Amino acid sequence: MKTGKICIGVLALQGAFREHRLMLERCGVQTLEIRKPEELDQVQGLVIPGGESTTIGKLMVEWGLMDKIKARAAQGMAIYGTCAGMILLAKEIVGSDQPRLALMDITVQRNAFGRQRESFEAEMNVPEFGNEAMRAVFIRAPYIEKAGPGVQVLAKVNERIVIARQGQFLATSFHPELTNDERVHRYFVEMVAG
Ligand code: GLN
C-alpha cells in the first residue's frame, strides 16, 4: 500500500485531535488540522475526534463545516469518528436532537456505560485486526444500540457494539489514539487508500 501521498484531515474544533495526528503520522500518512471548510478539499479522509459531541456539532454548523463534510462524504471521502465522533456520524442519537452528520445507519446512546464508570479500559477481540486482543480506553463513551443491515459490526464489549463500519465510514466508542495500538488507524488508512 502506498500511503506517502495520502493526507488525512483531523477535525480540530475541540477535543483530542493532536493524538490522532500523531497516530496517523506513525501510520505513514500526512495530516492536516481542519478548521475551515476549504481545508477539506486538501484531504482524502477525515478523523472526527472525541470531545463533547454537542459542542463539536454546534461549532461544525457555525463554521460551515457540517454541509461541507456531508458534500465531501457524498463524493466518497472516508470518515472515522471516535467517541463524540461516533455520535456525530450517527443517524439517531437516543433522546437528543443535537446537530449531526447522520451518515451511518446507527442509533447511539451517549454516556452509555454508566456515570459510575466515567472512564475504564476493556479488552476485546477484533477478528478483523488479527488474533491479538485489543485494549481499549473508554471515556464517557457511547455505544451503538442498533445498527442497520448495511453496517458491519467489528467488535462488542459487554454485548454492546463498540466498533462499526458502513462503507467508507468507521466508528469506535473508545480512544485508540490514547494507546499504542495502531491497528484501528492502520485499518482506516487502508480504507482511505482503497
Ligand atoms: N460523552 C461525550 C459526548 O456525548 C463523548 C465523550 C468522548 O468523546 N470521550 O459527546
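Read-outs throughout are calculated quantities, based only on the coordinates presented, and are distinct from any laboratory measurement. Worth saying up front: this structure is predicted, and the values here are computed from it rather than measured. Positions of Cβ are backbone-derived with ideal geometry, glycine not excepted, and every protein chain shown enters the neighbour counts.
Placing +1 on the Cβ of every Lys and Arg and -1 on the Cβ of every Asp and Glu, with no other charges, gives segment 28-158 a dipole of roughly 260 debye about its Cα centre.
Fully extending the segment from Gln168 to Trp63 would add 35.4 nm, taking 0.36 nm per residue of separation and subtracting the current Cα-Cα distance. Work out, step by step, the length gained on full extension between Ala71 and Thr54: first 0.36 nm times the residue separation, then minus their alpha carbon distance; give nm to one decimal. Here the answer is 4.0 nm.
Were the residues from Lys146 through Arg35 laid out at 0.36 nm apart, the gain over their Cα-Cα distance would be 36.8 nm.
In terms of distances greater than 29 angstrom between alpha carbons, the cross-link table entries Lys5/Lys156; Lys91/Lys156; Lys68/Lys146; Lys70/Lys146; Lys36/Lys91 yield Lys5/Lys156.
Would you mind classifying segment 1-81 by shape? Square roots of the alpha carbon gyration tensor eigenvalues, ordered a ≥ b ≥ c; an a/c under 1.5 is rounded, otherwise it is prolate if a/b is larger than b/c and oblate if not.
Oblate.
Classified by the C-alpha gyration tensor, segment 130-194 has an oblate form. Its axis ratio a/c, with a ≥ b ≥ c, is 1.5 or above, and a/b does not exceed b/c.
Between Met124 and Glu190, the modelled labels are 1.8 nm apart [label points 7 Å from Cα along Cα→Cβ].
For a Förster distance of 22 Å, can you work out the FRET efficiency between the beta-carbons of Ala133 and Arg160, rounded to the nearest 0.05? Result of the calculation: an efficiency of 0.85. Sorting the segments 68-74, 135-141 by their mean number of nearby beta carbons within 10 angstrom, highest to lowest, gives 135-141, 68-74.
Label zone of Ser96 (point 7 Å out along Cα→Cβ, amide N under 19 Å): in segment 8-39 this covers 11-17.
For segment 58-194, the gyration tensor built on C-alpha atoms gives an oblate shape. Its axis ratio a/c (a ≥ b ≥ c) is at least 1.5, and a/b is not larger than b/c.
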